[in-house]
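As structure tokens, the structure follows; a few thoughts come after it.
Bear in mind these aren't lab numbers, they're just calculated from the coordinates by the rules spelled out. Please read these numbers as outputs of a predicted model, since none were measured by experiment. All Cβ positions, glycine included, derive from the backbone under ideal geometry; neighbour counts span all protein chains shown.
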Amino acid sequence: QRSQRGQAASLGTAWRDCGPALRHVLLFTGLACLIGFFHPGLAPLMALKLLGPSPLALGLFTSVIACGSISAGVVLQRNAQAWSRRPGLLLGGSTLITALGQLGLAAPGPQAWGLAMAFLIGAGTASLLSGTNLIIQVHAPQVLRGRMAGLGQIAFLGGGGISGLIAAGLTDLLPGGLWSCFALLGSIGAAVGAAELLRQGRMRLA
């Protein structure tokens, strides 16, 4: 179904017409990405600190994150109907999982522990991004779905891009460097995810 030309086809109109529940989904996703979606930009540094300077370090690190993403995608696909109706539970839980992975990386441990935390980060961020797409596509009116996908990308890439800059700045400023950055942003992410679960966890969309 095509939208009419002109102002009716704008992103602003889609934002106003999608309803308060989907606006909250987009706003929460942008906030969650702002706090926790910085690993794409810092992946080389994370791999160096966690696994060392080996040429295989970055490949192994990103592969573990990818495995977490794929695993979360499979779980979400198999439970798509139920999860799409519970945005607070899905997105709040995804943010909390990502934050726990970041906090785990901030804690000292062997390489296997760090890789397990990287798996959690991959799973949490993938379920956040995929879950947002699922919710806004299923519950938006058909005529708005293309523009809702665009708004979703703005939330992901806008929040994630700024998040990378914030994390890089904190890594330079904080005494503990990267690990202190993980601890700070992970703590904030855990608080935001837990608050979303408490406030919106029981909300169901028709």
Measure out, as a whole number of angstrom, how far apart the alpha-carbon centroids of segment 13-32 and segment 189-203 sit. 16 Å
Among SER54, SER127, SER187, the residue with the largest mean-square fluctuation in a Gaussian network model of the chain built from Cα contacts under 10 Å is SER54
Quick check on packing: order 64-71, 138-145, 75-82, 31-38 by the mean number of other C-beta atoms within 10 Å, highest mean leading. 31-38, 64-71, 138-145, 75-82
Note down the magnitude of the dipole of the chain about its Cα centre, charges +1 on Lys and Arg C-beta and -1 on Asp and Glu C-beta and zero elsewhere, to the nearest 20 debye. 820 debye
Suppose we look only past 16 Å in the calculated P(r) of segment 121-206. What percent of the Cα-Cα pairs does that tail hold? 66 percent
As I understand it, the value is the acute angle between the Cα axis of helix 111-139 and the longest principal axis of the Cα atoms of the chain; what does it come to in degrees, rounded to 10? 10 degrees
Table column - 3J(HN,Hα) (Hz), segment 100-106, Karplus curve with 6.51, -1.76, 1.60, x for Gly and Pro: 5, x, 5, 5, x, 5, 6
On a 0 to 90° scale, report how tilted helix 178-200 is relative to the longest principal axis of the chain, with both axes built from alpha carbons and the result rounded to the nearest 10. 30 degrees
Based on the Cα gyration tensor of the chain, what are the three equivalent ellipsoid semi-axes, each the root of five times an eigenvalue, rounded to whole Å and given largest first? 32, 17, 16
For the chain, with +1 on Lys and Arg beta carbons and -1 on Asp and Glu, the positive-most of ILE154, LEU197, CYS18 along the dipole: CYS18
Signed unit charges on C-beta, dipole axis of the chain, positive-most listed residue TRP179, GLN77, ALA168: GLN77
For helix 57-78, what angle does its Cα long axis make with the longest principal axis of the chain, in degrees from 0 to 90 and rounded to 10? 30 degrees
